[in-house]
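Below: one structure, written as structure tokens.
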Amino acid sequence: MEEMYLLKHPGVKKKILAGGTGPLPHFPPGTKLVFHFQTLLDNFERTVVDDSRLAGRPAEIFVGKMFKLEVWETLLTSMRVGEVAEFWCDAVHTGLYPIVSKGMRLIAQGKDPLEGQRHMCGMGNLFHYHSTGFPELDELMRTPQPLIFIMELLQVGDPMSYHRESWMMEKDEKLSTVPLLHARGNALVKQRQYREAASQYKEAVLLLKTVQSREMPGDVDYISLGRMIVPLELNYCQCMLELQEYYEVIEHADELLDKHKDCVKGYYKRAKAHAAVWNEKEARRDFNMVVHLDTTLASLVQRELRALSERIKEKYWQEKDAYWNKLDAKGEKEEKVLEEEKEKEVGEDEGDKTEGKDWQQMLRLVMLLQEQGNILVKENRFQEASSKFKEALDYVDFLKNKVHQGDEDWESLEKVRLPLTLNLSQCLLELQHYQQVVQLNDKLLESHEGHFKALYQRARAHAALCNEEEARQDWAAVEKLDPQFKSLVRQELKKLGENLRSRHAHQNKTYWDATREKWGSGKEVADEIDRSCKDRVDEEAESDNENTAGNDKVSVDNDSSSAAVIA
């Protein structure tokens, strides 16, 4: 076996070290070749670069599948099963060997050979990072040279005897495989084997996406392949729903709906997944989209929304009961800790820790009450909503009493208290408890002076109570804070005037009675006129650069004088 055999391939020499068995195999495209190899340098020491036996596993390539080191396919297809041969290859065939060797070494270490690479060819990645990470391979990159490969062909597989990966299939083969996978998945669904069915649908989707990636976006074939993907994705999402893999459903539905915004089933399945993980806002949005796209599903969506509301209520009461039990237990423990703190300072850290834990629980309970109140407001159940907001405010006030005013914790609790107070005020407005609205916002404006929503709600309450002066002052403040509300303020003032006239008519009061009640008797009106005129003369004698507050006062005095003259 010492004789050298030249292959009909320039730059390659072969020497058979051990003969194989049987005739030379047939190697159709897709044939799997399993082999061991040893790579040597063409020097006096015949330095070993790689040895697959040391890695503990043989190498594999597939005929006709564009292996990076093309010469290996030529070498192996010249061998019989069991044959051991030595090949000398010129540098023209071994230039990419460092890339192949690096990938095989990373695989042997259990790492991803493509990790960290950019989207470019292998040589491009090497030039970008300047190194393979292995000094001997870097040397081969710098100085390409002939290499010696000692190979042993272990197995030649029939292309149809094993599961073919998608990258091994041609386009027509992939397209013909998709219907088979679809039918297989449907059969598994009928047997309630949802995980196995999902794998079939997912494999079919991957095949179609691989084919679609080679088409031009917007072309007929590209759009047709996209439509073929839709039912497979929906079936996959249904399997994931059955397996309670809700976030997987949301992820796939998001991707599907980005490309197919009119897919009713996609919105429905995503809504079901959102509802299952308590994403109420997102679930309601998707259910509404289902009705918008297909009105025949309105009754189904209504049932789903009612079921969602019931589940949220049930969850709320369960969590509330659990937190109340914890709070009761922790309350007793807190009292004991406070007594121990008075006697000794050793238990101070433990007491603070327990108190902090109770704080977190009570704040979570406040958030739950606020969320439940918001849900009840959407359902126009204002009486029940107001009770939730009141309960939440009681907890916030309790916590505020335990800290010093002006502290960071006190400021944070005040920020929590503000929206709760405004929500409660809105509920009381709807319930026509106007006096309570006024009192609530009076207290709120003491700590949040000039707050727009508080002024707006108090103005509405004063107007409903026919407190004309107070309502006008609040409406003026609202208009000053946001001039865009000028038209709304004018409408509200007009409505206030109509309400006052209706009220006076109901009380059988004439215009003169109402004016006298507002401004007083004739003598008092005359005195008011004198004072107003005197003030006006004094103001006109002053400088032309009078301030805004002075102008407002003159305007008010003028109005008063006019009313007095009419009286």
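Structural remarks
- If R0 is taken as 25 Å, the Cβ-Cβ distance between LYS315 and ASP442 corresponds to a FRET efficiency of 0.10.
- Note on ARG80 and LEU54: with the Förster distance fixed at 22 Å, the Cβ-Cβ geometry gives a FRET efficiency of about 0.30.
- Cα-Cα over 26 Å, subset of LYS388/LYS486; LYS202/LYS269; LYS378/LYS486: LYS388/LYS486; LYS378/LYS486
- From the alpha carbon centroid of the range 251-299 to that of the range 430-451 is 40 Å.
- Cβ-Cβ FRET estimate between LEU206 and ALA108, R0 fixed at 35 Å, reported to 0.05: 0.85
- Which of GLY497, LEU413, TYR456, positive extreme of dipole for the range 409-500 (C-beta unit charges): GLY497
- Extension gain, ASP221 to PHE44: 0.36 nm times the residue separation minus the Cα-Cα distance gives 57.9 nm.
- Where N is the number of residues in the range 371-495, Cα Rg divided by 2.2 N^0.38 Å: 1.12
- Signed unit charges on C-beta, dipole axis of the range 181-238, positive-most listed residue ASN186, LEU225, LEU207: ASN186
- Straightening the chain between MET367 and VAL277 buys 30.6 nm, computed as 0.36 nm per residue apart minus the Cα-Cα spacing.
- Where the range 401-469 is the region considered: accessible area per residue in Å², 1.4 Å probe: 54
- With each label modelled as a point 7 angstrom along the Cα→C-beta vector, the GLN244-SER387 pair spans 3.3 nm.
- ASN499 paired with THR143, simple spin-label distance in nm, labels 7 Å along Cα-to-beta-carbon: 9.7
- Percent breakdown of C-alpha pair distances by 5 Å bin, ordered from the shortest bin, for the range 68-107: 5, 20, 26, 22, 20, 8
- Cα-based Kirkwood hydrodynamic radius, the range 1-94, one decimal, Å: 14.4
- Extending 7 Å from the Cα toward the beta-carbon at both PHE27 and HIS292 defines two label points whose distance is 6.0 nm.
The values are calculated or read from the model by the stated rules, or taken from the named source; none is laboratory data. Please read all numbers here as calculations on a predicted model, not as lab measurements. Because the Cβ atoms are built from the backbone with ideal geometry, glycine has one as well, and the counts that use them run over all protein chains shown. For accessibility, only protein heavy atoms count, side chains too; no ligands or nucleic acids. Shrake-Rupley method; radii C 1.70, N 1.55, O 1.52, S 1.80 Å.
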